[in-house]
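Working notes, beginning with the structure itself.
The values are calculated or read from the model by the stated rules, or taken from the named source; none is laboratory data. In this text the structure is predicted, and so the values were computed from the model without any measurement. Neighbour counts are summed over all protein chains in view; Cβ atoms, including those assigned to glycine, are modelled from backbone coordinates with ideal geometry. These area figures cover heavy atoms from the full protein model, side chains too; ligands, DNA and RNA do not enter into them. Shrake-Rupley method; radii C 1.70, N 1.55, O 1.52, S 1.80 Å.
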Amino acid sequence: HERISKNPDAFQRNLDMYNPQTFGLDEAWFKGKEVVDAGCGNVGAVLIRLAELGAGKLHGCDVGSDFIEKLTENLLRAGIE
């Protein structure tokens, strides 16, 4: 996860894995929804993609706190507060 977060190309490949087809739902379905990414890790690709798809409120959780700093950096870089 640390290497993915540090490498823009790897991060983009990870992010590109998540799209409406991956979720099996119409893109408009996410607009305004409140979503939880359980096991978000430090990359945050699912949270970023869901924000791009219009999710209204995002929650990321993981079992430990080690990922919070890097996850926060990735979300802020993507324009998510």
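Per residue, the accessible area of region 1-79 comes to 64 Å², computed with a 1.4 Å probe over protein heavy atoms only.
A Förster radius of 25 Å, combined with the Cβ-Cβ distance separating His59 from Asn19, puts the computed FRET efficiency at roughly 0.75.
The angle between the Cα long axis of helix 68-77 and the longest principal axis of the Cα atoms of the chain comes to about 60 degrees, rounded to the nearest 10. Starting from a Cα-only point model with no solvent, please compute log10 I(q)/I(0) by Debye for region 19-81 at q = 0.18, 0.27, 0.29 1/Å. Scattering profile of region 19-81, log10 relative to I(0): -0.61, -1.17, -1.27. Computed from phi, the 3J(HN,Hα) profile of region 42-51 under the Karplus parametrisation 6.51, -1.76, 1.60 (θ = phi - 60°) reads 9, 7, x, 4, 5, 4, 5, 4, 5, 5 Hz, with x in place of Gly and Pro. Here the chain is treated with +1 on each Lys and Arg Cβ and -1 on each Asp and Glu Cβ, and its dipole about the Cα centre works out to around 80 debye.
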